[in-house]
Amino acid sequence: MQVVSTAQEFRDWCRAAQRPLGLVPTMGALHDGHLGLVRQAKAECASMAVTIFVNPTQFDRPADLEQYPRTHERDLELLSETEADVVFLPTADEVYPPGFATKVQVAGPALSLEGIERPGHFQGVATVVTKLLLTSMADMAYFGQKDAQQVAVVRRLVADLNIPTQVRVVPTVRETDSLAMSSRNTNLTPKEREAAPVVYRALQAAKVLHAEGEQGAEALKRGCLSALEAEPLVEKIDYVALVDPLTFALLDRMGDGPAILVVAVRMGMTRLIDNVVLGGEAQQV
């Protein structure tokens, strides 16, 4: 496994790589969710690249950026074990050198929910993902279903800018108690960690309602909200919403195709997001 730190080194490696080339963009603090993306890329591609970069432009609060875990040494050990071919590990100055003045802004799927709760977040995501895709010119880029709105934003970005990269979505990887894996889970206190699976249970409650024939967004949301509101350690519910998986437009009811029920809550200092696909499988959205 080769580790490079400059954009030129990364570009040169990718140009020489056997195709197809898969790309897994990460912010480090790797867990089995990330490694699942790596394994999928490894299975489908002749060459596989991983990027580790804690992107400062996608954090709306400086404290969140400061608190984000940085475990680069362990990350590289894990990637070596999963046989990644190259890891791009740049500094902030390498990605955003002096005089950097360009930002990529996506409307459409970036405007709702996370776009409201975290102003500027998707602009930061879109800018760094554009740079990574154009530097690597990867054939496929891998993202997790847990960050469903980010997936929609990247898909829109790739389509609108004619970037020749296929966006591949891998189902959410969960802990044994069904909590979606996230680097931020380490910030939960023991009591909060014990309570955190309520997010998944709330989504499953809505999924049961849908399986029983419920189509209306309000009823599905109420099924989810009732479970969340019953947990005292859920301090704030940022949103529960039924959305179109591609546009992330809010839906009043289920249509002919799949929809996603998305949720974001706060427990102490930690913000948890998760989702469930209704009317289709995660791989289909």
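The values are calculated or read from the model by the stated rules, or taken from the named source; none is laboratory data. Quick caveat, the model's predicted, so the values are computed rather than measured. Quick reminder, even Gly has a Cβ in these numbers, built from the backbone with ideal geometry, and neighbours come from all protein chains shown.
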Open item on the list: Taking the condition of being more than 14 Å from the chain's Cα centre (by Cα) and either in a loop (DSSP other than H, G, I, E, B) or surrounded by fewer than 16 Cβ atoms within 10 Å (Cβ to Cβ) (or both), how many residues in the range 11-52 meet it?
Closed with: 11
Open item on the list: Any residue in the range 81-96 that is of a type in the set (Gly, Ala, Ser) sitting within a Cβ distance under 7 Å of a residue that is surrounded by fewer than 20 Cβ atoms within 10 Å (Cβ to Cβ)? List the pairs, counting only those 6 or more apart or interchain.
Closed with: 84/1; 92/56
- [ ] Output the residues belonging to the range 208-256 that are basic (Lys, Arg), touching a residue at least 12 places away in the same chain (Cβ under 8 Å) and either in a strand (DSSP E or B) or farther than 19 Å from residue 149 by Cα (or both).
- [x] 236, 253
Open item on the list: Just to be sure I understand the filter: pairs with C-beta atoms under 9 Å, separated by 6 or more residues or on different chains, first member in the range 41-55 and farther than 16 Å from residue 170 by Cα and at pLDDT 95 or above, second member among the polar types (S, T, N, Q) and not in a helix (DSSP H, G or I). Which pairs pass?
Closed with: 46/18; 47/18; 51/26; 52/26; 53/26; 53/91
- [ ] Answer yes or no: is there a residue in the range 202-209 that is of a type outside the set (A, V, I, L, M, F, W, C) and not assigned by TED's automatic domain parsing to the domain that holds residue 37.
- [x] yes
Task: In the range 160-194, the residues that are farther than 22 Å from residue 69 by Cα and aliphatic (A, V, I, L, M) - done: 161, 163, 167, 169, 170
Task: Complete set of residues in the range 80-104 that are assigned to a loop (DSSP other than H, G, I, E, B) and either within 27 Å of residue 46 (Cα to Cα) or modelled with pLDDT under 95 (or both) - done: 82, 83, 84, 85, 89, 90
